[in-house]
1. If you check GLU299 against the conditions, is it under 30 Å from SER16 (Cα atoms), at pLDDT 95 or above and assigned to a helix (DSSP H, G or I)?
2. If ALA308 meets every condition in (1) assigned to a helix (DSSP H, G or I); (2) within 23 Å of GLU224 (Cα to Cα); (3) within 15 Å of the ligand (Cβ to nearest atom) apart from one, which number is that one?
3. In this structure, is PHE171 closer than 22 Å to VAL47 by Cα, within 16 Å of the ligand (Cβ to nearest atom) and modelled with pLDDT of 95 or more?
4. In the stretch 123-152, what residues are away from the ligand (no atom under 16 Å from the Cβ) and either open to solvent by 30 Å² or more (accessible area, probe 1.4 Å) or farther than 15 Å from GLY100 by Cβ (or both)?
5. If you go through the stretch 15-53, how many residues are open to solvent by 40 Å² or more (accessible area, probe 1.4 Å) and at positive phi?
6. Find all pairs meeting these conditions: Cβ atoms under 8 angstrom apart; at least six residues apart or on different chains; first residue within the stretch 47-62 and in the same structural domain as LEU121 (by TED's automatic domain parsing) and under 21 Å from GLY101 (Cβ atoms); second residue of a type in the set (D, E, K, R) and open to solvent by 30 Å² or more (accessible area, probe 1.4 Å).
7. Any idea which residue in the stretch 332-379 is most open to solvent (accessible area, probe 1.4 Å), counting only those that are closer than 16 Å to ALA317 by Cβ and not in a helix (DSSP H, G or I)?
8. So which helices (runs of 4 or more DSSP H) stay within the stretch 195-272 end to end and still have 3 or more residues that are of a type outside the set (Lys, Arg), at pLDDT 95 or above and within 16 Å of the ligand (Cβ to nearest atom)?
Amino acid sequence: MPNPNRVTEKLFQSPSKYIQGPSAIHNAPKYLSSFGVAPLLLCDDFVYGIAGEGLMAALEVAKFKVTRGIFGGEASKDEIVRLGALGKDKLVDFIIALGGGKTIDSAKAIADDLGLKVAVLPTTASTDAPCSAGSVLYQPNGKFENYRFYSNNPSIVLVDTSIVVQAPSRFLASGIGDALATNLEAKAARNSPNFGGGLPTEAAVAIGAKCEEILFKYGRQAVEANRAKAVTPAFEAVVEANTLLSGLGFESGGLAAAHAIHNGLTAIDNHTLHAKMHGEKVAFSTICQLILDSAPTSEMDRYISLMASVGLPTTLADLGIGNATDEELRRVAALACAPNETIWNMDRVITEEIVFNAIKGADVAGKDHKVRTGSVGFL
Ligand SMILES: [Zn+2]
């Protein structure tokens, strides 16, 4: 039920500073100098080779004493405890996250555990992790564990678009899938408290709408630019939509069915499905959201066409679970309707049966769109 505690205050929260541009990482020491002198730099080996060495060199020139924490790949409690102990042992005074969503979510948890500030330097524009004061945590086997919320947002988010453009375009497309849910979920959760515990402000509503506008205007063009490794205005705009606007929009606007069904999908034990990125699963779940919103076919088509144009999954088969049984889909629906899920933010009657039917309805809508447009689907 939306707003059971009758909250009346509005609340908006965000990182203290957001910086985005080509080669922005070279200016990192200037922006980080107020946080301390001994950071724990969290990144995996792959990212270290791409961006970590350059950052490390720039920080050392600026006389930072950097401890490197090698991230193992999963945002799990074990990993957070292990790297937190390293930070404590080395007496670090702030945390730097360099990498994708799971690295960032782990760094935020470590910073919170140690009572330190966190600087986020995303190397992809694929998730809402950089700007928010929360983490999505997983079990070591990749299954959704829980959300964790913090009293502070990251102190700084610095996005180097020269690095982000080096990532495969699938990452940007996945970010578009995640960001495309933002406005729809915020609209569905308009009368419910957001992640800060207050009602959405007009600013949050406007940010969600702007995010969606940019994706429809430039989403496809930005993915094409990414494939050509070109930092164009469209690419910059979509990086901002995926990172800043979607991040602020979901946190201060609120989530609804799409992310709850995304979390529910982890109930299905399927290798292909687990290999899909967050935003890819959210894309299909967004079609479920549209079904629950009673969106007309013309409106559904607008979203599905954009998803298909950037290679996002629009059917269960695209997610690798075209043969999922009704029993499995009912398990997804049951998990999506867990008591603490964001689906309860919606202003409509929700039951497991309604969600199960929405998943089936979304699948046929995606299939029907493929047939009508002659699209070959997700490659
Ligand atoms: Zn998301």
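1. no
2. (3)
3. Spelling it out, PHE171 is indeed closer than 22 Å to VAL47 by Cα, within 16 Å of the ligand (Cβ to nearest atom) and modelled with pLDDT of 95 or more.
4. GLN139, PRO140, ASN141, LYS143, TYR150, SER151, ASN152
5. Matching residues across the stretch 15-53 total 1.
6. TYR48/ARG68; GLY52/ARG68
7. LEU379
8. In the stretch 195-272, 202-227, 246-253, 257-265 are the helices (runs of 4 or more DSSP H) which contain 3 or more residues that are of a type outside the set (Lys, Arg), at pLDDT 95 or above and within 16 Å of the ligand (Cβ to nearest atom).
The values are calculated or read from the model by the stated rules, or taken from the named source; none is laboratory data. Only a predicted model underlies this, so the values are computations on that prediction, with no experimental measurement involved. Positions of Cβ are generated from backbone atoms using ideal geometry, with glycine treated the same way; all protein chains shown enter the neighbour counts. Calculation scope for accessible area: heavy atoms of the full protein, side chains included, ligands and nucleic acids excluded. Shrake-Rupley method; radii C 1.70, N 1.55, O 1.52, S 1.80 Å.
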